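Worksheet: the structure to be examined is printed underneath.
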Amino acid sequence: MKRTLILSTAICALLASAIYAFGDIARPKPTPVEGKTIFYTGLTVVPDSKSYEARLQISQETLKRIQAAGANNGGPASVVQGVMHSSTRTIMAGLFMFLAVSFAGVWFARSSQRRNHKAVAAVLLIAVFFGIATVIVRANAGPPGYIRWQNLPQALKDGKATSGGLNIEIVAGDENIKLIIPLRNTPKQGEE
Amino acid sequence: MERTANIPLAAWPFARPADRTRVSARLFAALLVASACVSAALASWLPLQVSIVTVFLFAGPHNWFELRYFLMRLPARMGRSRNFFAVAFAGIGVLTLGYLALPALYYTNVWSGENWPLAIATWNTLLLLWLAALVILRGRQNSSRDWSWALPAAFGLCAVNWLAPDLFSLAIVYLHPLVALWFLDRHLRRTRSEWLRTYRRCLLLLPLLMAGMFWQLSGTPSLADDNGLAWRITQHAGGQLLPNVSTHLLVSMHVFLEMLHYGVWIIALPLIGATGAIWSTKTIPLARRHGGFPKFIAAILICSLFVVAVLWMGFTVNYAATRDLYFAVAMAHVLAEAPFLLRMI
């Protein structure tokens, strides 16, 4: 009994010290709020040796679109964004896709038994069409956006313009306009 | 006496049945083409104004004509169609109540706006499964049909719906007016089969007109939706869901399709006799049959006329609120078209 009491006291003391120990842990840094993309456009960085100030030139039409998108609070999320941020919708879409393919298989098998060649041929044709279309689309998929910015440092040195895609994001706070360029550190020759 | 075969027919306009048919088909085609072109021109020119006027004038009456048409197509005795109509009416009731409950639950803060797509997707899923059930039940009424493809097709559409529920609902808004053209096709096949080919040729004009509207209006600036009514109309046409598309184009396209829809129900179908004499209940099987309900059917039609009048009064007093209410309740007639169209196929 005495032994149990001492053991219990020791465990309680250990747990209490753990609380104090956790109390000394620094507060986690607030995770930076992710900016909300409201608009996609293009950006051209042009070095100008004659200018005294950096300038941001926006066409009237683009400004109108940005204003409209901003007023719309970014507008509705795209299909891809919506699905990415909603696991429920992804699961349900996947479930129904599974059911569709399963029941289509049953129907396909039954149609084959009834020698409904036209229907079978139509399904096969559609499947082949979508398959080929998918291959073509994937094969023609463009390179990732950062590729176009890889030559920016060299282009700036050479005084040449560089163009690429740009997402306009709205972030919280009152800071200066920030331009984030996706540059990848590529190993130079002889560094490997 | 001169033989009848030798009497010159040139002086008698459309004396031969074939000539009469050809001329009436031409007149029918000319009316169709003219109506479609005028509708497209008006919808493109003044989309907001035409939308307001057409909904005010025709929304109620076209529902009355649809109700009369559905009563006429309802068999006097269900017989083998009992299950089909049971599922049809249960679905219309449940889905309409569900559709009306969505905004009510939203405004009473039962769920947040973030869950809105889930609610819409759920409702769309129920709609698709109900349609699949109707198609399968209808297919079973004829042993030569195998309409079991409806289930995988419905599941496939459900998957698409869960990926983009808002866009799926918008697709229903644009596709629903086209269902009226399908009804007209079915009726011409039954009653004026000689016009069917002409009608189908005229239908080819529809994608051309839509492509022309797209070409003309895609570059136009969006409509000024600075007042509540204009905002409602642009939102109904998908202005928020398709921010990169001019709302002028969206509203024009929607108004054009709605005008065709109203034209078919109010003018075309009654003209070819699909709805029978509108003042007579004798063409309605439920009223005509032995032991039927002629007074009840007449009461329904008369009460519906009062509802149309009340709708006009509502539009006059508060157009925007009445329009919102109408488009919510009108989901019932959108749903009711499905089983009656299936009965025609």
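This ranking places B:H248, B:H290 by how few other beta-carbon atoms lie within 10 Å of each, fewest first, which gives B:H290, B:H248. Among B:V251, B:V334, a tally of other beta-carbon atoms within 10 Å of each Cβ gives an order, fewest to most, of B:V334, B:V251.
Shielding value for A:94-103 is 6, the average number of Cβ atoms from other chains within 10 Å of each residue's Cβ. Every pair of different Cα atoms in the stretch B:19-344 enters the Kirkwood calculation, which places the hydrodynamic radius at 21.4 Å.
Look at the dipole of the stretch B:56-180 built from charges on Cβ: of B:L102, B:L151, B:A88, the Cα furthest out on the positive end belongs to B:A88. Cα centroids of the stretch B:167-230 and the stretch B:41-73: 13 Å apart.
Tell me, how many Å apart are the Cα centres for the stretch B:276-345 and for the stretch A:163-180? Computed from Cα coordinates, the inter-centre distance equals 55 Å. Peptide B:145-151 is shielded by partner chain Cβ atoms: per residue, an average of 4 of them sit within 10 Å of its Cβ.
Helices that extend 30 Å or more along their long axis by alpha-carbon positions and average at least 0.5 on the Kyte-Doolittle scale are, among the DSSP H runs of chain B, B:17-45, B:47-73, B:82-107, B:116-140, B:165-191, B:294-317. Under the simplified labelling scheme, the A:I181-B:L325 pair shows an inter-label distance of 6.1 nm, with each label point 7 Å from Cα along Cα→Cβ. Using equal-weight Cα scatterers in the Debye expression, the normalised intensity of the stretch B:35-74 in log10 at q = 0.22, 0.26, 0.32 Å⁻¹ is -0.73, -0.82, -0.96. Contact order for the stretch B:78-222, expressed relative to its length and based on alpha carbon pairs under 8 Å spaced 6+ residues apart, stands at 19 percent.
All of the numbers you see were taken from the coordinates with simple rules; none came from a lab. The structure presented is a predicted model; accordingly, all values stated were derived computationally and were not measured. Cβ sites come from the backbone with ideal geometry, for glycine too, and all protein chains shown count toward neighbours.
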